[in-house]
1. Suppose we filter Lys51, Lys79 for residues that are surrounded by 12 or more Cβ atoms within 10 Å (Cβ to Cβ), without any contact (Cβ under 8 Å) to a residue 60 or more places away in the chain, in the same structural domain as Ala123 (by TED's automatic domain parsing) and among the basic types (Lys, Arg); which single one remains?
2. Looking at region 55-73, which of its residues are within 22 Å of Gly108 (Cα to Cα) and not small (Gly, Ala, Ser)?
Amino acid sequence: MNPRRKQRLMAVSAILLLLSGAVGAMLYALNENVDLFYTPTQLLEGLGEDKVKPVPGQRLRIGGMVVPGSVKRDDSSLKVSFALVDTGPTVTVHYDGILPDLFREGQGIVAQGTLMDATNIQATEVLAKHDEEYMPPEVAEAVKGIKHVAPKYTYPAAGNAAARPDAATATEQQADKAATEGGTQ
């Protein structure tokens, strides 16, 4: 083999070796930062065909419905614990912090944290889901002129009765009252 070809072969081999090492390091780093999503049933029975269960200390996300009557708050701190359920067993989530405004019993939530044991999770973040038909007042006001079908039971602003089909404004009520009184005099 001629020396020039040998040199090219060594350079290409070195580049491929460095590139494969970089890809391997990136995959390892990504694997460490992946938080798998589980439901309470999947957490206890396992995930996938192999029924793989997470190990204590593993970071994960869990989603389900907050069991009514299960929310227990500590009087002297922000610690709270509650049970989550999907269609089967329940799992207890422990959280130290301020819960989202939409959090309530019977509501769907997603908690991110660490598995303490088979049925207990220490959450670092709790996210409350909302109804798919919800529209914030600011968004409803911004799309007011656009032709769309407003979601059921959603109105642009709490004090804006004119946007409500089932309520008359105060001026309309006064005009109706004046018309009926004026007609009888």
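The values are calculated or read from the model by the stated rules, or taken from the named source; none is laboratory data. Every value quoted in this text rests on a predicted model; they were computed, and no experiment measured them. A quick note on method: Cβ atoms are made from the backbone with ideal geometry, for glycine too, and the neighbour counts reach across all protein chains shown.
1. On the way: Lys51 fails: surrounded by 12 or more Cβ atoms within 10 Å (Cβ to Cβ).
Step by step, each of Lys51, Lys79 is checked, and only Lys79 is surrounded by 12 or more Cβ atoms within 10 Å (Cβ to Cβ), without any contact (Cβ under 8 Å) to a residue 60 or more places away in the chain, in the same structural domain as Ala123 (by TED's automatic domain parsing) and among the basic types (Lys, Arg).
2. Arg59, Leu60, Arg61, Ile62, Met65, Val66, Val67, Pro68, Val71, Lys72, Arg73 - these are the residues of region 55-73 that are within 22 Å of Gly108 (Cα to Cα) and not small (Gly, Ala, Ser).
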